[in-house]
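Coordinate-derived values only; no laboratory data. Not measured: the values here are computed from a predicted model. As a convention, Cβ positions derive from the backbone with ideal geometry for all residues, glycine included, and neighbour counts pool all protein chains shown.
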Amino acid sequence: MRASCLRSGVLPRFAAVAGLTLAAAACESAPKPPEPGPAAAAAPVAEAPAEPPKPKGMPELLVDSMGPYLGGQRVDLSQKDGAEKLSKVIRALPIEGKPVTLLAEKKAKPSAVAAVVTELGAAGAPTVLIKTDGRDDLPKEITVVPEGRVSKPPACAVSAMVLKDLATAIWPFGGGMGKRQRKGLAGPDLSHTGEQLTKDIAACSASVAFFSADDEVPWEMAHNLAGTILGSDAKKKLATLVLLRAAPVAGRPVQLGGG
C-alpha cells in the first residue's frame, strides 16, 4: 500500500519535470530570426534628376498670345514658377554665345517677348533677331540687344514707348521733358513720331536707343515702333537697339535691370 502511494506521488512530479525539459529543448532548437541586413538598416537615397541634355541644333523659339513656346515647351509666365521655368528652358538651349532668332506673333504680350529676350541675353546671346509680320512699310525683322548687355548709356539716349492709349512717348534715357504724340486712326501715329525721333537721335551722340510698350497693347505696336526708330536714324549711327525688360514711365529716368 505504501509503495503504491509512493509511485502515485512520484509519477506526477516526473511528468512535470519531463515536460519542462522537453519545452526547454524545443526553445533551444527553434531557429533564430535572421539579423537585419544593410538594406533594412538604411533605405536607398533617391538621386536628383539630371539636367536635360541640350539639343544639338537651335529649336524654334516663339512667343505667341499665350506666351513663350520654346523648343516645344510652353511656359506660362502667369504662374508662380513661370519665370524660373523660362530661365531653365532657355539655359538648356545651345546658345554658345551666338545670336538667336525669335519669332514673335503680332498679338504676343510685349512683356513676354521682353522676358524671353532678357533671358536669352543672360544665357549668352549677344543679340536677338526678332521676326514679326508687322507693317509692310517697316522692317519685319529687328535685331535687339538684351538689356543686361548694356550699361551706362548717355543720358541723352533716345527712349520711346507705345502707351496704353496707343499714343507714343519719346524722352531722354536720363529723364526729362518728353514728347507725346497722340494715336492715329488705326494705331500709333508713327509718321509724326518718326519726325520727332529723327530730331532727337540727331541731337545726341549716343549710338544706342531704347524702346518698350505698355503690356495692354499687342507686341506688333512695339515692333513697329522699333522699326520706326531705326528708320528715323538718318545718319545710321545707332548700333544698338535695346528692348527694355520692364515698361518704363515716360519722362522718368530709365532703370536698367527690370526696374
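Structure data summary
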quantity	calculated
Relative contact order %, the range 61-243, counting alpha carbon pairs below 8 Å whose residues are six or more apart	21 percent
Backbone HN-Hα couplings from phi across the range 129-146 [Karplus 6.51/-1.76/1.60, Hz, Gly and Pro as x]	8, 9, 10, 9, 7, x, 5, 6, 8, 10, x, 8, 10, 10, 9, 10, 9, x
Per-pair calculated FRET efficiency, R0 = 35 Å: D133 and A83 via Cβ, rounded to 0.05	0.80
Integer Hz, Karplus 6.51/-1.76/1.60 couplings in order for the range 200-212, x for Gly and Pro	5, 5, 5, 7, 10, 7, 5, 9, 10, 9, 10, 8, 6
Placed amide H near A213: partners under 5 Å, 5+ positions off or other chain	V162
Top positive-direction residue, dipole computed over the range 61-243 with Cβ charges, set V217, T118, V150	V150
Under 16 Å from the K152 label point (7 Å along Cα→beta-carbon), backbone N, the range 240-257	256
Within straight-line cross-link reach of K109, lysines at Cα separation under 22 Å, skipping those fewer than 8 residues along the same chain	K80, K85, K88, K131, K140, K164, K183
